[in-house]
Amino acid sequence: MENKLEQLFQVDKEEWLTTLPKYQQIRIKELVDSTNSYEEAAKQWLNAMPENTFPFGAEQARNLFIEKVRDEIEKFLSGDEKYADKHKQLVSSSEVLQKTLVSSVSAAIAPVIGTAAVYIMPVVVLVFMTMTKIADQPIVIAGQSSNAVLFSEADSASVQETLYLLSVPGMRESILEGMATPIEECARELEW
């Protein structure tokens, strides 16, 4: 059943936009295009709303709000106890669609973070787009003193394998030699 949720993230990240009403799709696409960052687009979405609809107010609180949304999405997707019933209901349905997931997560976390589901839906979509992007390419997370890079588990395994192979004495030279050898000169059978 959990594979249903995982499969939803094996799509082009732009597909998440289609889960929003058309007017929100257009505005979120404009924000993403102008910022080149899903997190910045989420911040601008929150800034674009009248101050009295934003539950905290200040810029620092806005960042905390986005962090809280991410935390609650992670809790929902991982089956945290507080979302257990809604999570179980979602994954037990015969067909889980992206739109269903966005709506369910938005409706479940909105009361926890103190806002309306319709208000938080674009931010949920942007978080899901970020999650989908991880499978495509590494994400640079800017810190105050240094940056970090987040990339997929498959990419991590590939890096580890490459580091291991390059740590074997003579392996780099052997690989380069093999790559330079014409296919006609390669052995047909392995000599172990």
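The values are calculated or read from the model by the stated rules, or taken from the named source; none is laboratory data. Predicted, not measured: the structure shown is a model, and the values here were computed from it. For neighbour counting, all protein chains shown are included, and Cβ atoms are generated from backbone atoms with ideal geometry for every residue, glycine included. Just so you know, the surface numbers come from the protein's heavy atoms only, side chains and all, with ligands and any DNA or RNA stripped out. Shrake-Rupley method; radii C 1.70, N 1.55, O 1.52, S 1.80 Å.
What is the distance, in nm, between label points placed 7 Å from the Cα along the Cα-to-Cβ direction at residue 22 and at residue 67?
3.9
Ignoring everything but the protein chains, give the 1.4 Å probe accessible area of residue 130 in square angstrom, nearest 10.
Here the residue's solvent-accessible area equals roughly 40 Å².
Summing +1 for each Lys or Arg and -1 for each Asp or Glu, what net charge is found among the other residues whose Cβ lies under 13 Å from the Cβ of residue 24?
Combined, the nearby Lys, Arg, Asp and Glu give +3.
State the extension gain, in nm to one decimal, for the chain segment bounded by residue 97 and residue 173, taking 0.36 nm per residue of separation less the distance between their alpha-carbons.
22.5 nm
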